[in-house]
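Student: After the structure tokens below, expect a handful of questions from me.
Since every read-out is calculated from the coordinates, none of them should be taken as a lab result. Since this is a predicted model, take the numbers as computed values, not measurements. Counting neighbours? That spans all protein chains shown, and the Cβs are built from the backbone with ideal geometry, glycine included.
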Amino acid sequence: MVTSMPDLMELEQARSSGVYLKRDLQIVRGDGAALYDAAGRRYIDCVGGQGAANLGHGHPALIAAIQRQLSDLMACPELFHNPVRARYQDELCRTANMPRVFLCSSGAEAVEAALKFARLTTRRPNFIAAMRGFHGRTMGALSITWEKTYREPFEPLLPGVRHVPYNNLERLAEALDDTVAAVILEPIQGEGGVHPAQPGYLAEVQRLCHERGALLVLDEVQTGFGRTGHLFAYRHDGIQPDLVCLAKSIAGGLPMGAVLIGERVGKIPPATHGSTFGGGPVACAAALAVLDVLQTTNLIERASRLGAAVLDHLHTNRPAGVREVRGRGLMIGLELRGKVAPVLRALQTRGVLALPAGSTVLRLLPPLVISEDDLWQAIQTIEEVVNDAL
Ligand SMILES: *Cc1c(COP(=O)(O)O)cnc(C)c1O
């Protein structure tokens, strides 16, 4: 039997499909915004479960909600009613000010559902998405994703997808004809390099969609649940999208996805879509706890304040190795003058874990519960590492 930690890393590598390039680090435990390896070494977590851990690791309210539900009922497909699902759907819809919701199990699955609902409603074939946009790895979500290295090995993909430059209204208006079912955008492009929508852009996209009979789909999979200083990032823009895709932190780290469905979306006939795990009671109990924590604590306001302080600090003291700093709330991107990979390795050596977004952007998605000490410690380490790398 294999028991030693290095052997288990090798074993995992040998048995993995090969799609992940793993770091040389085995994580065994988390607490708030700290992660620990097998030797007990502490790391400041600016990966945040790739955006799925906004409440941090081991949040007591989340654990209690999951444990309570586990012993009552775990598997309950949507051919039955369930009280936890009922409460969650109502709470999410009221909080988001949207009439209906479809529940599923991941971000890509939420995007697939939104594409299908848009076709059902409009009876139009085409979609407009943005250059640098990321929407997931399944065939439909991949078709609207921009990055060629993700897409090209799997072509042919969904026909009729038009990619336009993000934040460019003219090019969008040109592409938005009466064959377009929906325009699909992230309010802040995450994987594509942390690019926020310019003020007024999303409102004007919404106006164009209304004028031309298309739906506006927002992919809030990464930006949702307090990350940017609002429950959802589109609230910075005062708009009301037709479909909103949610996942990542929706259930605090358990797999879950959702699509919020607005008034402009037509009736969705029975049996036209579905998901075995969608609306499962454990995920719903966890997601209810997430909404409760976000609404009864200052975590969202704190994300806004801490994010603004960090961005302000990095703007006024921009390290020489940083070309540009972008973001909102605790979704922060540093466009480096060189490659991000060696910077990530150096940060790991110094006890800070962070994400890339493309080959030259360092991305930070710390749990919103991160202490101010840890956050500033991470920023200071980044400044030192980025300047050393020059
Ligand atoms: C992560 C992500 C997805 C895909 O979510 P999965 O749960 O990995 O399928 C889709 N859209 C955005 C914006 C994301 O950040």
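Student: Could the peptides 11-21, 33-43 be put in order, highest first, of the mean number of other beta-carbon atoms found within 10 Å of their residues? Numbers along the way, then the final one.
Tutor: Working: 11-21: 8.4, 33-43: 15.5.
In descending order of packing, they fall as 33-43, 11-21.
Student: Sequence gap at least 6, Cα distance under 8 Å: using those rules, report the relative contact order of the chain to the nearest whole percent.
Tutor: RCO, the chain: 22 percent.
Student: Right, something else. Quick one: which of 282-288, 337-343 comes out on top by average Cβ neighbours within 10 Å, and what's the full order, highest first?
Tutor: On the way: 282-288: 26.0, 337-343: 15.7.
Put in order of decreasing packing, that is 282-288, 337-343.
Student: With label points built 7 Å along Cα→Cβ from the Cα atoms of residue 204 and residue 139, find their separation and express it in nm.
Tutor: 3.7
Student: Among DSSP beta bridges lying fully in the stretch 73-296, give the percent that are antiparallel, nearest 5.
Tutor: Details: 11 of 27 bridges.
Counting DSSP beta bridges with both partners in the stretch 73-296, the antiparallel share is about 40 percent.
Student: On to the next question. Please name which of 167, 322, 21 has its Cα lying farthest along the dipole of the chain towards the positive end, using unit charges on Cβ (Lys, Arg +1; Asp, Glu -1) and the Cα centre as origin.
Tutor: The residue sitting farthest along the positive end of the dipole is 167.
Student: Bin width 20 Å, alpha-carbon pairs only: give the P(r) of the chain as whole percents, running from 0 to the bin holding the largest distance.
Tutor: Answer for the chain: a P(r) of 28, 59, 14, 0 percent.
Student: Please label the shape of the stretch 1-144 as rounded, prolate or oblate, based on the square roots a ≥ b ≥ c of the eigenvalues of the alpha-carbon gyration tensor (a/c under 1.5 means rounded; beyond that, a/b larger than b/c means prolate, else oblate).
Tutor: On the way: a/c = 2.12, a/b = 1.39, b/c = 1.52.
In terms of gyration-tensor shape, oblate.
Student: Along the charge dipole of the stretch 73-296, Cβ charges K/R +1 and D/E -1, which of 110, 223, 184 sits furthest on the positive end?
Tutor: Sorting the options by dipole projection puts first 110.
Student: Where the centre of each part is set by its Cα atoms, how far does the stretch 299-315 sit from the stretch 153-200, in angstrom?
Tutor: Answer, in whole Å: 28.
Student: Follow-up question, since we're still on this one. Given +1 on the Cβ of Lys and Arg, -1 on the Cβ of Asp and Glu, and no further charges, what dipole in debye does the stretch 134-270 carry about its Cα centre, rounded to the nearest 20? Numbers along the way, then the final one.
Tutor: Working: 12 positive and 16 negative charges, 68 e Å.
The calculation lands at about 320 debye.
Student: Taking a ≥ b ≥ c as the square roots of the Cα gyration tensor eigenvalues, with a/c under 1.5 meaning rounded and otherwise prolate when a/b beats b/c, else oblate, which class fits the stretch 73-296?
Tutor: On the way: a/c = 1.59, a/b = 1.43, b/c = 1.11.
Prolate, since a/c reaches 1.5 and a/b exceeds b/c.
Student: Which of rounded, prolate, oblate describes the stretch 51-123, given a ≥ b ≥ c as roots of the alpha-carbon gyration tensor eigenvalues and a/c under 1.5 marking rounded, otherwise prolate only if a/b is larger than b/c? Provide the component values of the computation, followed by the final result.
Tutor: Numbers: a/c = 1.99, a/b = 1.58, b/c = 1.26.
It is prolate, given that a/c is not under 1.5 and a/b is the larger ratio.
Student: Still on this structure, I have one more. Just to be sure I follow the rule: in the chain, considering lysines 8 or more places apart or on different chains, how many pairs have Cα atoms under 22 Å apart? Walk me through the numbers before you get to the answer.
Tutor: Numbers: 22/148; 22/248; 22/339; 116/248; 116/267; 148/339.
Here the count comes out as 6.
Student: Additional query: Work out the FRET efficiency for residue 349 and residue 86 from their Cβ-Cβ distance, taking R0 = 51 Å, and round it to the nearest 0.05. Numbers along the way, then the final one.
Tutor: Details: r = 49 Å, r/R0 = 0.96.
In this case the efficiency is close to 0.55.
Student: Using θ = phi - 60° and the Karplus form 6.51 cos²θ - 1.76 cosθ + 1.60, what ³J(HN,Hα) does each residue of the stretch 142-153 get, whole Hz, x for Gly and Pro?
Tutor: Working through the residues one at a time gives 5, 5, 8, 6, 8, 4, 5, 5, 6, 8, 4, x Hz.
Student: Which order results if 248, 22 are arranged by neighbouring Cβ count within 10 Å, fewest first?
Tutor: Numbers: 248 29, 22 10.
Fewest to most other Cβ atoms nearby, the residues stand as 22, 248.
Student: How high is the relative contact order of the stretch 240-369? Use alpha-carbon pairs under 8 Å, at least six apart in sequence, and give a whole percent.
Tutor: Values: 157 pairs, mean separation 20.8, N = 130.
Relative contact order, the stretch 240-369: 16 percent.
Student: How high is the relative contact order of the stretch 73-296, given as a whole-number percent (alpha carbon pairs under 8 Å, six or more residues apart)? Please report the intermediate quantities before stating the final value.
Tutor: Numbers: 454 pairs, mean separation 64.5, N = 224.
Normalised by residue count, the contact order of the stretch 73-296 is 29 percent.
Student: Kindly work out what percent of the DSSP beta bridges joining two residues of the chain are antiparallel, to the nearest 5.
Tutor: Values: 31 of 49 bridges.
In the chain, DSSP labels about 65 percent of beta bridges as antiparallel.
Student: Cα centroid distance between the stretch 71-131 and the stretch 244-274, in Å?
Tutor: When both Cα centres are located, 2 Å separates them.
Student: Can you give me the long-range amide H partners of residue 219? Hydrogens built in the peptide plane at 1.01 Å from N, cutoff under 5 Å, separation of 5 or more residues or another chain.
Tutor: 185, 186, 245
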